[in-house]
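Here the structure comes first, spelled out in C-alpha cells, and everything after it is commentary.
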Amino acid sequence: MQLLEKQLKKIGALFQPGRPLNKFYPLFEAMDTFAFTPGKTAAKAPHVRDAVDIKRVMILVVVALMPCIFMGIYNAGYQIELAKGMAHSFWGCVASGAIKVVPIVIVAYAAGGFWEVLFAVIRKHEINEGFLVTGILYALTLPPSIPLWQVAVGISFGVVIGKEIFGGTGFNILNPALTARAFVFFAYPAQMSGDNVWIAVDGFTRATPLSVVAAADKGGSAIMALQDAGYTFKEMFLGFIPGSIGETSTLACLLGLAFLLITRVASWRIVAGCALGLTGMSAFLTLFQGPDALAFFSLPPHWHMIMGGFAFGSIFMATDPVSSSATNIGRWIYGIMIGLLIVLIRMVNPAYPEGTMLAILFMNVFAPLIDHFVVEGKIKKRLARRNAPKAG
Amino acid sequence: MNVIHVRQGRDIKLAGPARQEIHDTGIPDRVAIQPPDFPGLRLRLLVREDDQVKVGTPLFEDKTNPKIKIVSPASGRVSAINRGEKRALLEVVVEADGSQQALARQRYSADEVSRLSREDLVEALLEGGFWPCIRQRPFSNVAHPSDVPKSIFVQAINTEPLALDVDVVLRDRQEEFQFGLDVLRKLTKGDVHVCFSSQAQAKALTEAKNVKTHGVEGPHPAGNVSTLVHFIDPINKGDIVWYLRAEDVLRIAPLLLEGTFSPEKYAAVTGEGAQNRVYKKTIIGAPILYLLEKQNLAGYRCISGSVLAGKNVGANGFLCFYDSQVTVIPEGGKREFLGWLSLGFNKYSFSRTFLSSVTGQKEISLDADRHGDHRAIVLNHIYDDYVPLDIPVYFLLRAVIAGDIEEAEKLGILECDEEDFALCTFACPSKTDVGGIIRNGLQLIEREG
C-alpha cells in the first residue's frame with residue numbers, strides 16, 4: 001500500500017500548479033482519493049470532522065441500487081428466454097440479461113463520465129461523485145432493447161443540459177438522470193415506448209401491465225384485464241414483468257428503500273409523501289368507476305404501487321436532494337404532488353400510460369417555488385415575533 | 001427558574017474530559033494579550049518593549065473609542081511585541097515577575113456602588129479594564145459603552161465538547177457573583193438573564209437574586225449565546241443585547257471594592273493528548289505549555305477553546321482571552337486505503353453511513369482529519385438538525401453566497417454567530433465551511449450596514 005501511495009504522490013506531482021498536467025488535476029484528484037482517503041486535516045475550527053463524505057454517500061446509494069441492478073439483469077434475461085420459449089435456468093437468465101444490460105450501464109457511465117470530467121477540467125472544480133449515481137439510475141430507467149448510441153446521446157443531454165449549464169452538481173433544477181431519460185423518451189419514442197421495446201427480442205411484443213390496463217374496455221375490471229394478460233399481483237411485485245431494466249421489481253426497490261432509510265441518505269418524507277399522494281388520489285378516483293369509466297378507475301391503490309416506475313421513481317429519483325424540495329414541509333408537499341400527478345397522468349391522460357418520470361420532472365420544476373413559500377412563512381413568523389408582546 | 005428545552009443539536013462525547021478539581025497553578029513566567037481575540041476593536045498599542053507594567057496597566061486602547069482599554073493580566077516587563085502581515089498586532093508578551101503588583105484604581109464601598117449612576121459605573125468598568133469582557137449581539141463584538149442593551153445575558157453554561165463547567169468554579173463564590181450581577185443590573189433597562197445547566201448546583205446560580213434565572217437542557221449548542229438569546233429574548237434588526245461569561249462576572253467585585261483588576265482565569269485541560277487533565281486556576285493569557293506542564297506535544301494539535309470553536313494556537317501559543325479550555329487532539333492526516341469502502345466500526349459520524357452507528361462507540365477519539373475533500377453541497381437537509389434557531393440554514397447559506405444581505409437578515413442571520421454552525425460544518429459530507437460562510441455574511445452586513 002505504501003508503494004502505491006508513493007507512486008500516486010510521484011504522479012500527482014505532475015498535476016500540481018505550474019506542471020504540464022495541471023489542467024487535469026481534477027482527474028488525478030478523483031483517482032487519488034478513490035485509492036486513498038485525502039488525509040487532509042481541518043485548517044481551522046471545527047478541528048474535528050465527521051467521517052462521512054460525498055464519496056461515501058454516493059457509494060451507499062449505488063449499494064442501495066444493487067437489488068434493482070441484479071433484478072434488472074435477471075429479469076431482462078428472463079423475459080428474453082420466456083419470449084424465445086427457452087427453458088430458463090437461473091444462470092442462463094443472468095447471462096442473457098447481462099449481455100443486454102451491462103453494455104448499457106458501461107455506455108451510460110462512459111458517456112456521462114466523459115462530460116463530467118470535461119466540465120470539471122474546464123470549470124476547474126472537483127469531479128463530483130454524483131455521476132456514479134446518475135449513470136446507473138439512468139441506465140436502469142431504460143428498456144433493455146435500447147440502441148447503445150441512444151444511451152450515450154441521452155446521458156450527454158442529461159448531464160450537459162440537465163446539470164452542467166446550471167452550474168454543475170448542486171445547482172441543477174431537474175434530476176439529470178430523468179432529464180436524460182425524458183430526452184430519449186421524446187426524441188426516440190419508437191425505441192422508448194410502446195409494446196415492443198421492453199423485451200430485448202426482435203419483433204416480440206408484449207404489453208406492460210400499465211398499457212394492458214390503459215387499453216382495457218371501458219367499464220371493465222382492470223384486475224381482470226391484467227390477469228387475462230397473464231399478470232398476477234405476485235409476479236408484478238417480484239418484478240417478473242416487462243418494463244424498464246430497474247423498475248419492474250417493487251421488492252428490489254423496497255430493499256433499496258430500507259437501506260436508504262436505515263442509513264438516512266434519502267428523505268423518508270418524500271417517499272412517504274409519494275405513497276400518500278398516490279394512494280389518496282387513486283383511492284379517490286376509484287369512486288368514479290362505473291360502466292362508462294375507463295378500466296383504470298377500478299384499479300385499487302396497492303396495484304398502482306407495483307406498476308410502472310412508481311416504486312423506482314419515488315424511492316430513487318424523487319429523493320434526489322438537489323432537485324427536490326429543501327424544506328421539511330416542502331418535502332411533504334413535493335412528495336404528495338408527485339404521487340397525485342402520477343395517478344392523474346396514468347388515468348386521465350390518454351397519451352402516456354406511465355406518469356412517474358413526467359410527474360417527478362414537473363415537481364422538480366415546482367420544488368423551488370414550494371420552498372419559496374415555506375421560507376416566506378418562516379420569515380413571516382420571525383417578523384411576527386418582533387411585533388408580538390414579549391412573553392414572560 | 002424558567003427551563004429551556006433545546007431539541008436540535010448534538011453532543012460529541014469526545015475522549016479526554018478533565019477531572020472537576022481545581023488546581024491552583026499560580027502565575028506563569030509570561031502571558032500574552034492577543035489583539036485578534038477582540039473582533040470589532042481597532043487597537044492602538046500603548047506600551048513599548050521593555051516597559052514595566054503592573055496588573056491593570058493598559059496595553060491597548062480602541063482607536064474608535066479610546067475609553068475601551070485592554071489591560072495587562074500580570075506585572076513585569078513587556079518582552080515582545082509580535083506583528084504579522086501588514087504589521088498587524090498579533091500579541092504582546094509580558095514577562096511576569098510573579099509579584100502581581102496591581103495598579104490601584106478608585107475603591108468604592110458596597111454602599112457607594114449601589115448609589116453610583118449608570119454613567120459612573122460604565123466609566124469605572126471601562127477605566128479598570130473590565131469592559132472587553134462584555135460583548136454584544138449582533139456581531140459578537142466588544143460592547144459599545146454608549147449603547148443601552150435591551151437585556152444582558154450571563155452565560156453560566158458551556159456545552160462545547162469537554163468544556164469547563166463553570167458551576168464548579170462558582171461554588172463558594174455566591175457573594176462576589178451576586179455583587180457583579182447587581183452591577184450589571186444597572187447597565188440595562190431590561191433584565192439580566194443568568195443561564196445555567198438545569199443540573200447546576202452552585203448557589204451563586206440557583207439562588208441568584210434580582211435577575212431572571214434560566215435552566216437549560218439539551219445538547220450542544222444549547223449553551224451558545226445565540227441559542228440562549230433566541231429562546232429567552234430574541235433580537236431583531238436594531239436590537240442590542242450584551243453578554244458575558246459567568247467567570248468574568250467575578251472580576252467586577254475586586255475592581256470596584258478593592259480597586260484592582262482581577263486577572264484570574266480558570267481553564268480546563270482536556271483532550272486525549274493532554275496528560276494531567278484537571279481544571280487549572282491561572283491568569284488571563286497563560287501559555288499553553290504552562291497549562292500542559294511542558295509535556296511532549298509532537299503530533300498533537302493544541303487548541304485554545306474547544307474542538308468545535310477553538311483556535312489552533314500551537315504548543316507555543318497562549319490561551320485566548322475569552323477561552324476557558326485547552327484541548328489537545330492528535331493531528332492525524334494519515335491516508336487510508338479505499339476508505340470509502342470501509343465498514344467503519346471505528347469511524348465517528350452523525351450520519352448512519354458507517355457500522356459504528358449500529359455498534360456504538362464508548363469513547364470517541366477524533367483527530368483533526370477532515371475525512372474528505374470539498375464538494376458541491378448535495379445533502380442540504382442535514383444542517384437544520386443541528387441549529388436550534390429556527391433558521392432554514394441551507395437557504396441562509398444561499399442568500400449569503402449570493403450576497404443578498406436583505407434576505408439573509410430576514411432569515412435571521414443577525415441572531416447568529418459563526419460558532420452556532422460548527423456542528424453543521426462538522427457534519428457536512430461536502431466539507432463545506434458553513435460557519436465561515438455565515439461569518440462572511442455577518443462581516444458584509446457590518447461593513448455595509
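The values are calculated or read from the model by the stated rules, or taken from the named source; none is laboratory data. Computed from a prediction, not measured in an experiment: that's the story for all the values here. Backbone-built Cβ (ideal geometry, glycine too); neighbour counts: all protein chains shown.
Of the candidates B:36, B:17, the single residue that is part of a loop (DSSP other than H, G, I, E, B) and within 22 Å of the chain's Cα centre (by Cα) is B:17. For segment B:400-417, the set of residues classified as part of a helix (DSSP H, G or I) and either in contact with a Cys (Cβ under 9 Å, 6 or more places away or on another chain) or at the interface with another protein chain (Cβ under 8 Å from one of its Cβ atoms) (or both) consists of B:410, B:411, listed by residue number.
Residues that are surrounded by 13 or more Cβ atoms within 10 Å (Cβ to Cβ) and under 22 Å from residue A:343 (Cα atoms) within segment A:358-368 comprise A:358, A:359, A:360, A:361, A:362, A:363, A:364, A:366, A:367, listed in sequence order. Scan segment B:299-327 for residues that are in contact with a Cys (Cβ under 6 Å, 6 or more places away or on another chain) and among the hydroxyl-bearing types (Ser, Thr, Tyr) and jot them down. Within segment B:299-327, just B:304 meets the criteria. If you go through segment B:292-344 and pick out every residue that is more than 8 Å from chain A (Cβ to nearest Cβ), in a loop (DSSP other than H, G, I, E, B) and of a type outside the set (D, E, K, R), you end up with 19. Scanning segment B:52-62 for residues that are in contact with a Leu (Cβ under 9 Å, 6 or more places away or on another chain) and either part of a strand (DSSP E or B) or not assigned by TED's automatic domain parsing to the domain that holds residue B:30 (or both) turns up B:53, B:55, B:58, B:59, B:60, B:61, B:62. The single residue among B:349, B:365 that is at pLDDT 85 or above, in contact with a Leu (Cβ under 9 Å, 6 or more places away or on another chain) and either surrounded by fewer than 20 Cβ atoms within 10 Å (Cβ to Cβ) or at the interface with another protein chain (Cβ under 7 Å from one of its Cβ atoms) (or both) turns out to be B:365. Kindly indicate whether any position in segment B:250-267 is surrounded by 21 or more Cβ atoms within 10 Å (Cβ to Cβ), over 28 Å from residue B:21 (Cα atoms) and more than 10 Å from every other protein chain (Cβ to nearest Cβ). Checking segment B:250-267: at least one residue is surrounded by 21 or more Cβ atoms within 10 Å (Cβ to Cβ), over 28 Å from residue B:21 (Cα atoms) and more than 10 Å from every other protein chain (Cβ to nearest Cβ). Are any residues in segment A:13-43 without any contact (Cβ under 8 Å) to a residue 60 or more places away in the chain and in contact with a Leu (Cβ under 9 Å, 6 or more places away or on another chain), and if so, which ones? Matches in segment A:13-43: A:14, A:15, A:20, A:21, A:22, A:28, A:31, A:32, A:34, A:35, A:36, A:37. Within segment B:357-370, being in contact (Cβ under 8 Å) with a residue 12 or more places away in the chain and of a type outside the set (A, V, I, L, M, F, W, C) holds for B:359, B:361, B:363, B:365, B:367, B:369, B:370.
None of B:310, B:299 is surrounded by fewer than 23 Cβ atoms within 10 Å (Cβ to Cβ), touching a strand residue (DSSP E or B) at 6+ places or on another chain (Cβ under 9 Å), of a type in the set (Gly, Ala, Ser) and outside the structural domain of residue B:111 (by TED's automatic domain parsing) except B:299. Taking residues in segment B:371-391 that are facing chain A (nearest Cβ under 9 Å) and under 15 Å from residue B:227 (Cα atoms), and partners anywhere that are among the β-branched types (Val, Ile, Thr) and in a loop (DSSP other than H, G, I, E, B), the pairs with Cβ atoms closer than 9 Å and at least 6 places apart or on different chains are B:384/A:327; B:384/B:391. Restricting attention to segment A:113-138 and to residues that are out of contact with any Ser or Thr (no Cβ under 6 Å at 6 or more places or on another chain) and outside any helix (DSSP H, G or I), the residue that is nearest to residue A:77 (Cα to Cα) turns out to be A:129.
Table: residues versus (1) surrounded by fewer than 18 Cβ atoms within 10 Å (Cβ to Cβ); (2) under 19 Å from the mean Cα position of the chain (by Cα); (3) of a type outside the set (Asp, Glu).
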position	(1), (2), (3)
A:181	no, yes, yes
A:187	yes, no, yes
A:191	yes, no, yes
A:209	no, no, yes
A:227	yes, no, yes
A:231	no, no, yes
A:239	no, yes, yes
A:250	no, yes, yes
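For segment B:345-383, the set of residues classified as assigned to a loop (DSSP other than H, G, I, E, B) and either of a type in the set (A, V, I, L, M) or in contact with a Cys (Cβ under 9 Å, 6 or more places away or on another chain) (or both) consists of B:355, B:366, B:368, B:376, B:377, B:378, B:379, B:382, listed by residue number. Within segment A:47-71, residues that are at the interface with chain B (Cβ under 7 Å from one of its Cβ atoms) have Cβ atoms under 9 Å from residues that are basic (Lys, Arg) and not in a loop (DSSP other than H, G, I, E, B) in these pairs: A:47/B:301, counting only partners at least 6 apart in sequence or on another chain. Identify all residues within segment B:224-249 that are surrounded by 23 or more Cβ atoms within 10 Å (Cβ to Cβ) and in a loop (DSSP other than H, G, I, E, B); write none if there are none. B:224 - this is the single residue of segment B:224-249 that is surrounded by 23 or more Cβ atoms within 10 Å (Cβ to Cβ) and in a loop (DSSP other than H, G, I, E, B). Residue B:126 meets all of the listed conditions (1) surrounded by 22 or more Cβ atoms within 10 Å (Cβ to Cβ); (2) free of Cβ contacts under 8 Å to residues at least 60 places away in the same chain; (3) touching a Lys or Arg at 6+ places or on another chain (Cβ under 7 Å) but one, namely (1). Residues that are buried (at least 21 other Cβ atoms within 10 Å of the Cβ) and touching an Asp or Glu at 6+ places or on another chain (Cβ under 7 Å) within segment A:74-118 comprise A:93, A:96, listed in sequence order.
Please go through segment B:63-87 and give me each residue that is part of a strand (DSSP E or B), without any contact (Cβ under 8 Å) to a residue 40 or more places away in the chain and not small (Gly, Ala, Ser), ordered by number. Listed by number, the residues that qualify are B:77, B:78, B:81, B:82, B:83. Looking only at residues in segment A:320-343 that are of a type in the set (S, T, N, Q) and either more than 10 Å from chain B (Cβ to nearest Cβ) or assigned to a helix (DSSP H, G or I) (or both), the one that is surrounded by the most Cβ atoms within 10 Å (Cβ to Cβ) is A:323.
Just checking, does segment B:381-395 include any residue being of a type in the set (Val, Ile, Thr), surrounded by fewer than 21 Cβ atoms within 10 Å (Cβ to Cβ), modelled with pLDDT of 90 or more and touching an Asp or Glu at 6+ places or on another chain (Cβ under 9 Å)? Within segment B:381-395 (the criterion being of a type in the set (Val, Ile, Thr), surrounded by fewer than 21 Cβ atoms within 10 Å (Cβ to Cβ), modelled with pLDDT of 90 or more and touching an Asp or Glu at 6+ places or on another chain (Cβ under 9 Å)), the answer is no, since none of the residues qualifies. Can you tell me which residue within segment B:129-165, out of those that are buried (at least 22 other Cβ atoms within 10 Å of the Cβ) and of a type in the set (Gly, Ala, Ser), is farthest from the chain's Cα centre (by Cα)? Among those that are buried (at least 22 other Cβ atoms within 10 Å of the Cβ) and of a type in the set (Gly, Ala, Ser), it is B:129. In segment B:122-204, counting only strands (runs of 3 or more DSSP E) that sit wholly within it, the ones holding 3 or more residues that are under 30 Å from residue B:363 (Cα atoms) span B:192-197.
Put simply, of A:200, A:258 the only residue that is part of a helix (DSSP H, G or I) and either within 30 Å of residue B:377 (Cα to Cα) or within 25 Å of the chain's Cα centre (by Cα) (or both) is A:258.
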